[in-house]
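Here the structure comes first, spelled out in structure tokens, and everything after it is commentary.
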Amino acid sequence: MSVLPFRIGYGEDAHRLEVGRPLVLCGVPVPHAELGAVAHSDGDAALHAVADALLSGLALGDIGQYFPDTAPEWRGLDSRQIVARALELVQARGYAPANVALVVTLDRPKLGPLRAELARTLAELLALPETEVGVSFKTSEGLAPAHVQARATVLLTQVAG
Ligand code: C5P
Ligand code: MG
């Protein structure tokens, strides 16, 4: 059992984008996205990065161990379930997220108009106030136009045990 009352977690994820697929970030379908994620699950790179950040903070491995992308039962999986499972594992060890910082790299469309909605849905999933959820966006400057990338850090604090 760790003696540290604070733990930092970091996670990242990427998906290839293709025409004719939905693009979902933080559980929110992105309107007017010409390209969507190619994935076994719903391809929500933002939530995959957040879930890995939660797990890595307590050295609990990564989401592939809990939701293998070869398992037929996880096809089309709503990634909110992945975050919920990661949060349960963190809470079972007596920790809770204190704040989270998420960066999504995507060339198109602009995500700025969705920032508040993404932050709100992520805050709800993590049972955090919106003030503790930072969401920022970057383009790849055209280097990866058919690609979505997400990176997340989370601070976990000991709440019991
Ligand atoms: O990557 P870059 O520095 O050029 O991003 C400039 C601005 O565009 C940032 O303020 C960012 O919030 C915004 N942006 C966005 N949606 C994206 C990528 C970037 O709103 N998909
Ligand atoms: Mg993924």
Exercise. Of the conditions (1) modelled with pLDDT of 95 or more; (2) crowded, with 20+ Cβ neighbours inside 10 Å, VAL28 clears all except one; give me its number.
Key: (2)
Quiz item: So, of the residues in the stretch 110-137 that are more than 13 Å from the chain's Cα centre (by Cα), farther than 15 Å from VAL24 by Cα and surrounded by 15 or more Cβ atoms within 10 Å (Cβ to Cβ), which turns out to be farthest from ligand 1 (Cβ to nearest atom)?
Solution: LEU128
Quiz item: Tell me, which residue of the stretch 67-117 that is of a type in the set (Ser, Thr, Tyr) and in contact with a strand residue (DSSP E or B) (Cβ under 7 Å, 6 or more places away or on another chain) is farthest from ligand 2 (Cβ to nearest atom)?
Solution: TYR95
Quiz item: Do you know which residues across the stretch 114-132 are in contact with a Pro (Cβ under 9 Å, 6 or more places away or on another chain) and assigned to a helix (DSSP H, G or I)?
Solution: LEU114, ALA123, LEU126, GLU132
Quiz item: Within the stretch 19-60, how many residues are part of a loop (DSSP other than H, G, I, E, B) and not β-branched (Val, Ile, Thr)?
Solution: 19
Quiz item: Does GLU88 satisfy the condition of being surrounded by fewer than 16 Cβ atoms within 10 Å (Cβ to Cβ), over 22 Å from GLY43 (Cβ atoms) and out of contact with any Asp or Glu (no Cβ under 7 Å at 6 or more places or on another chain)?
Solution: yes
Self-check item: Number of the condition not met by ARG16 [criteria: (1) assigned to a loop (DSSP other than H, G, I, E, B); (2) within 11 Å of ligand 2 (Cβ to nearest atom); (3) of a type in the set (D, E, K, R)]
Solution: (1)
Exercise. For the stretch 119-133, indicate whether the set of residues that are touching a strand residue (DSSP E or B) at 6+ places or on another chain (Cβ under 6 Å), within 16 Å of ligand 2 (Cβ to nearest atom) and farther than 18 Å from LEU35 by Cβ is non-empty.
Key: yes
Quiz item: Are any of the residues in the stretch 22-41 without any contact (Cβ under 8 Å) to a residue 40 or more places away in the chain and polar (S, T, N, Q)?
Solution: no
Quiz prompt | Index of the failed condition, THR70 passing every other in (1) polar (S, T, N, Q); (2) crowded, with 16+ Cβ neighbours inside 10 Å; (3) touching a His at 6+ places or on another chain (Cβ under 9 Å) | solution = (2)
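Yes or no, residue by residue, for (1) in a helix (DSSP H, G or I); (2) under 17 Å from GLU124 (Cα atoms); (3) at pLDDT 95 or above; (4) out of contact with any helix residue (DSSP H, G or I) (no Cβ under 7 Å at 6 or more places or on another chain):
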site	(1), (2), (3), (4)
ARG7	no, no, yes, no
GLY64	yes, no, no, yes
ASP69	no, no, no, yes
VAL83	yes, yes, yes, no
VAL90	yes, yes, yes, no
PRO97	no, yes, yes, no
VAL100	no, yes, yes, no
VAL103	no, no, yes, yes
ARG108	no, no, yes, yes
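The values are calculated or read from the model by the stated rules, or taken from the named source; none is laboratory data. All of these numbers come straight from a predicted model, not from anything done at the bench. In this analysis, Cβ positions are derived from the backbone assuming ideal geometry, glycine residues included, and neighbour counts consider all displayed protein chains.
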